[in-house]
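Let me begin by presenting the structure, written as structure tokens, before commenting on it.
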Amino acid sequence: MNAIPKTHIAIDRTLTQDDFDAFAALSGDDNPIHVDPTFSARTNFGRTVSHGMLLYTILRGLADQLAPGARQVSQELKFPAPAYAGEPIRFEASLTEHNSSHWSVTMRATRTHDQTSVCEGLCILESTQRRAQ
């Protein structure tokens, strides 16, 4: 069984336009709302916003620190507010349930200046360790 070193982890990170551009290049999601400041300035957001999956990727990395080596079985995500380049964000993951083969991890990314949630979710992870026979 995978060892559980801790039950909560948090990091603070400020995403940049370069992060948005790199994620767009890697993922193929080059929606102008993420990569074109001129286009984005004319939207309700007023500027570029992070890809939701970029936020989740950081959170998933935290979940892996809670259950190292586990594989993801499912995820549920909500993006209640935008995350903008240059804004500090707190990323948190908490182990909320664990049995011999599965972990439930709740996740949240919050803009630190106003405590607004920009990503909330739950992922279910499964042990990749072989059981003794």
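Values for this structure:
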quantity: Failed item in (1) on the phi > 0 side of the Ramachandran plot; (2) surrounded by 13 or more Cβ atoms within 10 Å (Cβ to Cβ), with Q115 passing the rest; calculated: (2)
quantity: Entirely in the stretch 1-84, the helices (runs of 4 or more DSSP H) that have 1 or more residues that are at pLDDT 95 or above, small (G, A, S) and farther than 30 Å from S101 by Cβ; calculated: 17-27, 37-41
quantity: Selection within the stretch 85-128 - of a type in the set (V, I, T), under 24 Å from S40 (Cβ atoms), assigned to a strand (DSSP E or B) and free of Cβ contacts under 8 Å to residues at least 40 places away in the same chain; calculated: T110
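Conditions tested, residue by residue: (1) touching a strand residue (DSSP E or B) at 6+ places or on another chain (Cβ under 9 Å); (2) among the basic types (K, R); (3) crowded, with 18+ Cβ neighbours inside 10 Å.
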| residue | (1), (2), (3) |
| --- | --- |
| D30 | no, no, no |
| D36 | no, no, no |
| S40 | yes, no, yes |
| H51 | no, no, yes |
| L54 | no, no, yes |
| G61 | yes, no, no |
| A67 | yes, no, yes |
| S74 | yes, no, no |
| K78 | yes, yes, no |
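The values are calculated or read from the model by the stated rules, or taken from the named source; none is laboratory data. Just so we're clear, the structure is a prediction, and the values are computed from it rather than from any experiment. Every residue, glycine as well, gets a Cβ built from its backbone with ideal geometry; the counts of neighbours run over all protein chains shown.
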